[in-house]
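Novice: Below you will find the structure I want to go over with you.
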């Protein structure tokens with residue numbers, strides 16, 4: 001498990017599929033996270049997907065939970081590893097399934113945690129993310145974590161009667177490292193030293 005401030009990442013277990021089934025069939029949640037609100041999945045489909053996830057070594061998937069509420073999932077996070085030439089890239093993604101927790105800053109905390117894993121544990125050179133045009137909350141969260149919008153795919157999503165663009169964001173390792181301590185302190189507050197002692201003892205005071 002990977003602990004970061006208020007949250008913990010753990011592997012997705014088969015017992016989590018009931019929760020994922022509820023989230024993956026939530027119109028509003030999937031509209032914002034994937035811009036495909038009519039993308040319903042049944043339990044049999046999820047079980048088949050789970051078997052594929054177990055075998056996939058380049059796509060890391062996590063259940064996110066609050067450290068104070070063990071085994072109570074609040075969302076998912078993922079890292080898809082790949083290379084462009086010899087540049088190591090990680091595609092990051094997350095959604096908070098418990099909608100009562102939207103707007104609480106947890107999305108930013110999860111994103112910084114993914115950057116820490118990608119850059120500090122997996123030695124990635126860059127991270128990238130995608131978000132549909134109307135998901136302004138996600139854009140704000142990504143930019144607060146240092147991501148920069150570098151392009152748009154025009155009219156790639158059709159949702160609620162109109163076409164929307166898809167925005168591409170990325171952040172380079174060389175951009176993340178100079179802002180890393182500031183981001184950690186903003187995100188973790190009083191838990192910054194605890195995190196550094198456990199994961200980065202050379203930077204701990």
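Derivation of every value follows stated rules applied to the coordinates shown; laboratory data play no part. None of these values were measured; they are calculated from a predicted model. Cβ coordinates were reconstructed from backbone atoms using ideal geometry, including for glycine residues, and neighbour counts include every protein chain displayed.
Novice: Counting other C-beta atoms within 10 Å, which of 158, 147 has the fewest, and how do the rest follow?
Specialist: Taking fewest neighbouring Cβ atoms as first place, the list is 158, 147.
Novice: Considering only C-alpha atoms, what is the centroid distance from region 1-66 to region 117-178, in Å?
Specialist: Between the Cα centres of region 1-66 and region 117-178 lies a distance of 20 Å.
Novice: May I have the extent of the alpha carbons of the chain along their three principal axes, as whole Å values ordered from largest to smallest?
Specialist: Computed over the chain, the largest-to-smallest principal extents equal 52, 38, 34 Å.
Novice: Right, here's the next one. Nearest 0.05, what FRET efficiency do residue 101 and residue 143 give at R0 = 25 Å with Cβ-Cβ as r?
Specialist: Given R0 = 25 Å and the Cβ-Cβ separation, E is 0.75.
Novice: Could I have the simple spin-label model distance between residue 191 and residue 83, label points 7 Å from Cα toward Cβ, reported in nm to one decimal?
Specialist: Label at residue 191, label at residue 83, 3.5 nm between them.
Novice: Using a Gaussian network model of the chain with C-alpha springs under 10 Å, which one of 65, 116, 182 is most mobile by mean-square fluctuation?
Specialist: 182
Novice: Here is a follow-up. Nearest-5 percent of antiparallel DSSP beta bridges in the chain?
Specialist: Among the beta bridges of the chain, antiparallel pairing accounts for roughly 95 percent.
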